[in-house]
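Take a look at the structure below.
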Amino acid sequence: MNRTKKILIWLLLVSALAVATIATWIFSRIDGALPLLNGKETVFGLSKAVTIERDKLGIATIKAEDRLDIAVATGFIHAQERFFQMDLLRRNSAGELSSLFGAKAVNYDKSIRRHRFRRKARDIVNHLPEAQVALLQAYTRGVNQGLQHLKGTPFEYILLQQEPVLWSEEDSILAIFSMYIDLQYHDGQRERTLGLMKALLSADVYAFLNPKGSIWDAAIDGTQFSESNIPESPWPSASAQIKNTHHLAQTFASISSSYQTEYFPGSNNWAVSGEMSATGSAIVANDMHLGIRVPNTWFRASFEYPQNGDKIKITGATLPGTPNIVVGSNGHIAWGFTNSYGDYSDVIELVTNEDNSQYLTPDGYKPFKSEREVIAIKGQKATEVNIQETIWGPVIGKNHQGTLLAFRWVAHDKEAINLHAMALESAKDVEQAFNIAARSGIPAQNMMVGDNQGNIGWTIMGAIPKKVGSIGDTPMNWATGENAWQGYLTPDEYPRVLNPKDNRLWTANSRVIGGEMLKKLGNGGYALGARSKQIRDKLFAQAQFNEQGLLDIALDDEALFLSRWQHFLLDTVLTEQSITTLPLFKEAKDILSQEHELRASVDSVAYRLVRNFRISLRDLVFSELNNTFKSLDDAFSFRAIRHQIETPLWQLVTQQPDNFLMRPESSWQALFEKALKQTLADMTATEDGSMQPLLAATWGQQNTTTIKHPLSSAVPIIGYWLDMPANALSGDSYMPKVQGKSFGASERMIVSPGHEESGIFHMPTSQSGHPWSPYYGKGHQDWEQGKASAFLPGETVYKLTLLSY
C-alpha cells in the first residue's frame with residue numbers, strides 16, 4: 001500500500017513538474033514574442049540611427065534622416081507588432097493558406113490560385129522603377145530583422161506548430177493583392193449573375209430588376225438616373241428554365257442569416273473647403289468599412305524625415321506588409337479613400353472548337369495555355385491545380401449553357417500595383433495629389449483630398465482600363481476584337497472634380513458622377529446611395545464645420561432609409577384586420593407607432609423590427625427567382641445584386657401588381673404577413689430555444705460585436721485573452737455610421753491639413769497583435785463610444801533606437 005502511494009505521489013510530482021516545465025516554456029515563448037519598446041538595437045541596412053517613439057496607445061513616430069531608413073524601421077515595427085497578420089495577407093492572395101491551416105483552406109486556395117498572384121507579384125517587382133524597388137528592399141530588410149530581433153516566435157505560430165517564413169519584396173505586392181480580393185470581385189460573380197438574368201429574362205424585366213438609378217442617387221455632380229417601370233405583361237414569362245419551384249423552406253432557413261449579410265466593403269469620405277472652416281483650411285473625413293478582427297487592418301504611424309530641403313511630417317494609417325502611409329495628412333494635404341466600385345473586370349464568353357481545346361481570338365483560334373499550381377497542405381500530401389489561360393486571363397468556369405468563361409481583371413496587369421502613392425507624403429496641394437493618384441497602382445478608390453489653402457477635390461486613385469466596343473456589365477464575346485481593353489487611361493483622362501461651387505464633396509460607394517466621367521468608370525456594383533444622400537444632406541444642413549461637426553456626421557445612426565418601410569408596416573401591413581390575427585402584430589404596431597425618429601440605437605426594438613422585416617420580405621418576394629437562377633448556375637449570387645434590388649422591391653410592394661408570376665403567396669397581403677411573422681419569430685426566439693418578450697428584442701441584442709482573433713475560433717480558450725469584449729453598438733448599413741457584429745469603420749479620421757493637432761482618429765482593437773502588450777486593446781473603447789480621440793500621437797512613453805552597422 002505504501003509502495004503504491006509512493007508511486008502515485010512520484011507520478012503526480014513528475015506530472016506537475018512536466019506541466020510546470022511546459023507552462024514555463026510556453027510562457028517564455030509568448031513573452032519573448034513581445035515587441036521591443038525601449039533600448040537600442042543594431043539593424044543592418046540603415047544609413048544612420050532611427051528612433052521609434054510610441055505613446056501610451058502604441059502609436060509610432062518614426063524619425064530618420066532619409067526615406068529608406070523610414071522604410072527599414074517601418075518594416076521592423078510591423079514585423080514585431082503584426083507579422084502574423086502580414087503573413088495572412090500574403091498567403092491569402094497567393095492561395096497559400098492551406099500550408100498554415102490544412103485541408104479546410106484548400107477550396108479557397110484553389111479559387112485564388114487561378115490568378116497566380118505570386119508570379120504576378122514577382123513580375124511587378126521586376127518592372128517597378130528603381131527607387132520603388134529600393135523602398136521595398138529596405139522595408140523587407142526591416143521586416144526580417146524585426147522578426148529576428150524578437151526573442152520568441154510570434155505566439156500564433158506556437159499554436160499552429162509552424163515556423164514563420166521570412167518576408168520578400170514580392171510579399172508586399174501580395175499584401176496589396178489581398179486588398180484587391182477584398183474590394184473587387186475576383187470571380188466575376190456579379191457580372192455572371194447579371195448575365196444569367198439578362199439571358200433568361202425579357203428586356204423590360206431585366207431593366208426593371210437592374211435599374212440605372214433611384215431616388216437615393218446622390219452624385220456630386222447632381223446627375224439623377226430614373227428607375228425602370230414595372231413590366232406590363234405577366235413576368236417572368238413561363239419557360240423551361242424559369243418556373244415556380246416553391247422552395248420556401250429553403251428560403252426561410254436562409255432569411256435569418258441574411259440579416260447579417262447587408263454590409264458592403266467600402267467606406268465614407270467627405271470634405272468641406274476652407275470657405276466652411278474656421279481656419280481657412282479644408283477638412284477631410286474618412287471612415288473605411290471593412291471586416292474587423294484582431295488585430296485591426298491598419299497600424300497608426302507618423303513619419304518624420306528630411307527631403308529636398310523640406311522636413312516631411314506625415315501622420316496616418318499604414319497597412320502592415322507595405323511601407324507607406326495609406327491615408328493621412330502631411331500638413332499640406334489630407335486624403336482618404338472609399339471603394340469606387342467602377343467596372344475594373346470583365347467576364348468573356350469564349351468561342352471554342354468542338355473539343356474545347358482551342359478558343360477563338362481576333363487572330364484566329366489559339367490553344368489554351370495550361371499552368372500547374374501546387375498547393376501545400378499542412379498535415380497531408382500536396383495537391384495540384386491545373387489552370388487554363390487565355391490571352392485575356394484565366395478560365396473561371398462555364399455559364400448555364402456550358403460556354404467557357406475567361407476573366408479579364410486589372411489585378412492581372414502590371415499596372416495594378418506600384419508604390420507611386422508614396423509621393424503623397426510630400427504633396428503640397430490638391431492638384432499635385434490628383435497627378436499622383438492618376439499614376440498610382442492600387443485597387444481603384446474614390447480619393448477625397450483637401451489642402452491647407454482650402455481647396456478640395458475628388459478623383460480616382462488606381463488604374464482605370466480603357467475599354468472599346470459594347471462592353472458592359474454582363475459577359476460578352478471578345479473573339480472579333482470589337483470588344484477589348486486598349487491599355488489604361490492616361491493621367492489627363494482621369495475623372496476629377498476640383499472646388500465645386502457648393503464647397504462640399506462626398507462619396508459612399510454609390511455612383512459619384514455621371515456623363516462622360518461615368519462612361520470611363522462603368523458600374524461594378526455601386527451601393528444604393530442612401531449613405532451618400534444622408535451625408536450630403538447633413539453637409540448642406542450647416543454653413544460652417546469643425547472636426548467635431550464632421551465626426552457627428554460619421555456617427556449619425558438615423559435610419560432615414562428605413563423611414564418609408566416603417567410607414568409601410570404601419571399603414572399597409574399592420575391593418576386593423578391583420579392585427580387581430582396575431583397578438584404580436586398589435587404589439588409590433590404599438591412599438592412602431594411610438595418611435596417617431598427611427599434610429600439604429602442599441603435600445604430600439606422598432607429599428608430591428610423594420611430592418612429585419614424589409615430583409616425577410618425582400619428574400620420572400622424574390623425567393624423563386626433566386627432559387628431558380630441558383631439551380632441553373634451556381635455562380636448566381638443574389639447577394640451581389642442585393643442593393644440594386646431595393647428599387648424594384650419597393651415598386652412591387654407598393655404597387656402590388658398581379659402580373660408577377662413568382663409571388664410565393666396567393667396575395668400580396670398574405671406575403672407581407674408571412675414576412676412579418678417570420679421576422680417576429682426570429683426576434684422572439686433565443687439561442688436556448690425559448691421565447692423572449694418582443695420588447696427585449698432590441699437592435700443592440702442583435703448587433704453585439706464579435707471582433708475576434710483569427711485563431712480564437714479554432715482554440716476557443718484563448719479567445720478570452722485575444723478577442724475584444726462583446727458590446728452592443730449602434731449603427732447599421734444604410735446610414736453614415738456603418739456598424740455590424742464584425743464589420744464597420746476600420747478607422748475614422750477627421751483632419752484639417754496644417755491643423756493636425758485638432759484632428760480626430762478612431763481605430764478598433766489596437767496597435768498591437770500581442771495580448772500581453774501594454775497597449776493591447778487600448779483605443780478600442782474610444783472607437784466604440786465615438787469619443788474624439790487625437791489624430792496625432794501623444795506624449796512619448798516608449799523609445800527604441802535602431803542603430804546602423
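Tell me the label-point distance for the pair A541, E587, using the 7 Å Cα-to-Cβ offset, in nm and rounded to one decimal.
With each label placed 7 Å out from Cα toward Cβ, I get 3.3 nm.
For the residue pair T403 and A423, what label-to-label distance in nm results when each label sits 7 Å from Cα along the Cα-to-beta-carbon direction?
4.2 nm
Any chance you could give the angle, 0 to 90 degrees and rounded to 10, that helix 67-94 forms with the longest Cα principal axis of the chain?
50 degrees
Please work out the Cα center distance from region 738-796 to region 386-461, rounded to the nearest Å.
Taking the Cα centre of region 386-461 as reference, the centre of region 738-796 is 27 Å away.
Given a Förster distance of 51 angstrom, what is the FRET efficiency for K799 paired with T383, based on the Cβ-Cβ distance and rounded to 0.05?
0.55
Read phi for every residue in region 574-581 and hand back ³J(HN,Hα) as whole Hz from Karplus 6.51 cos²θ - 1.76 cosθ + 1.60, θ = phi - 60°, with x for Gly and Pro.
8, 6, 4, 6, 5, 6, 7, 7
Would you mind classifying the chain by shape? Square roots of the alpha carbon gyration tensor eigenvalues, ordered a ≥ b ≥ c; an a/c under 1.5 is rounded, otherwise it is prolate if a/b is larger than b/c and oblate if not.
Rounded.
What does the charge dipole of region 533-590 about its Cα centre add up to, to the nearest 20 debye, if the Cβ of each Lys and Arg holds +1 and the Cβ of each Asp and Glu holds -1?
220 debye
Of all beta bridges DSSP finds with both residues in the chain, what is the antiparallel percent, to the nearest 5?
Percentage antiparallel, nearest 5: 90.
On a 23 Å Cα-Cα criterion, which of the cross-link pairs K369/K466; K467/K630; K538/K787; K120/K520; K212/K533; K40/K63 come out too long?
Violating the 23 Å Cα-Cα cut-off are K369/K466; K467/K630; K120/K520.
Can you tell me the relative contact order of region 563-609? Whole percent, Cα pairs under 8 Å, sequence separation 6 or more.
28 percent
With an 8 Å cut-off on Cα pairs and a minimum separation of 6 or more residues, tell me the relative contact order of the chain in percent.
Relative contact order, the chain: 21 percent.
In whole Hz, with x marking every Gly and Pro, tabulate ³J(HN,Hα) for region 635-641 from phi via Karplus 6.51 cos²θ - 1.76 cosθ + 1.60, θ = phi - 60°.
6, 4, 9, 5, 4, 5, 10
Using each residue's phi in region 430-442, evaluate 6.51 cos²θ - 1.76 cosθ + 1.60 at θ = phi - 60° and report the 3J(HN,Hα) Karplus result to the nearest Hz, with x for Gly and Pro.
4, 5, 4, 4, 4, 5, 5, 4, 6, 10, 8, x, 8
With a ≥ b ≥ c taken as the square roots of the eigenvalues of the C-alpha gyration tensor of region 126-188, please select rounded if a/c is under 1.5 and otherwise prolate if a/b is larger than b/c or oblate if it is not?
oblate
Placing unit charges on C-beta atoms (Lys and Arg positive, Asp and Glu negative, everything else neutral), compute the dipole magnitude of the chain about its Cα centre in debye, rounded to 20.
For the chain, the charge dipole is close to 2060 debye.
Given a Förster radius of 45 Å and the C-beta distance between L489 and E757 as r, what FRET efficiency does 1/(1 + (r/R0)^6) yield to the nearest 0.05?
Once rounded, the FRET efficiency stands at 0.75.
Given charges of +1 on the Cβ of Lys and Arg and -1 on the Cβ of Asp and Glu, with all other atoms neutral, how large is the dipole of region 446-533 about its Cα centre, in debye to the nearest 20?
Approximately 280 debye in magnitude.
Provide the per residue accessible area, probe 1.4 Å, for region 481-525, rounded to a whole number of square angstrom.
45 Å²
Using the Cα centre of region 52-160 as origin and beta-carbon charges of +1 (Lys, Arg) and -1 (Asp, Glu), tell me which of H127, P154, A105 is placed farthest towards the positive end of the dipole.
Looking along the dipole axis, the top candidate is A105.
In terms of the Cα gyration tensor, with a ≥ b ≥ c the square roots of its eigenvalues, is region 679-756 rounded because a/c is under 1.5, prolate because a/b exceeds b/c, or oblate?
Here region 679-756 falls in the oblate category.
Suppose a student asked you for the relative contact order of region 511-620, using Cα pairs under 8 Å spaced at least 6 residues apart; what percent would you report?
Taking the mean separation of contacting Cα pairs over the length of region 511-620, I get 23 percent.
Please report the carbon-and-sulfur percent of the accessible area for the chain; probe 1.4 Å, protein heavy atoms only, DNA, RNA and ligands left out.
Taking all protein chains in place, the chain shows 52 percent carbon and sulfur surface.
Compute the signed sum of charges (Lys and Arg +1, Asp and Glu -1) over the other residues within less than 15 Å, Cβ to Cβ, of I312.
Net charge around I312: -2.
At 1.4 Å probe size, with every protein chain present, just tell me what the per residue accessible area of region 576-731 comes to in Å².
Heavy-atom SASA per residue in region 576-731 reads 41 Å².
Taking 7 Å along the Cα-to-C-beta vector as the label spot, tell me the K787-N477 distance in nanometres, rounded to one decimal.
6.4 nm
Roughly how tilted is helix 646-655, in degrees to the nearest 10 and between 0 and 90, from the longest Cα axis of the chain?
Between helix and principal axis, roughly 30 degrees.
Ignoring everything except DSSP H segments at least 4 long, calculate the 222 nm mean residue ellipticity for the chain; use -39,500 (n - 2.57) per segment, divide by total residues, nearest 500.
-10500 deg cm²/dmol
When ligands, DNA and RNA are left out and all protein chains stay put, how many square angstrom of accessible area per residue does region 379-478 have with a 1.4 Å probe?
So region 379-478 comes to 34 Å² accessible per residue, rounded to a whole number.
Pull out the extension gain between S470 and F225, defined as 0.36 nm times the separation in residues minus the alpha carbon to alpha carbon distance; nm, one decimal.
Using 0.36 nm per residue and subtracting the Cα-Cα distance, I get 86.2 nm.
Can you list the residues, at least 5 places off or on another chain, whose amide H is less than 5 Å from the amide H of N455, using H built in the peptide plane?
Excluding prolines and chain starts, which carry no amide H, the hits are G274, A282.
The values are calculated or read from the model by the stated rules, or taken from the named source; none is laboratory data. As the structure is a computational prediction, the values presented were derived from the model and not from experiment. Cβ sites come from the backbone with ideal geometry, for glycine too, and all protein chains shown count toward neighbours. Surface accessibility is based on the protein's heavy atoms, side chains included, excluding ligands, DNA and RNA. Shrake-Rupley method; radii C 1.70, N 1.55, O 1.52, S 1.80 Å.
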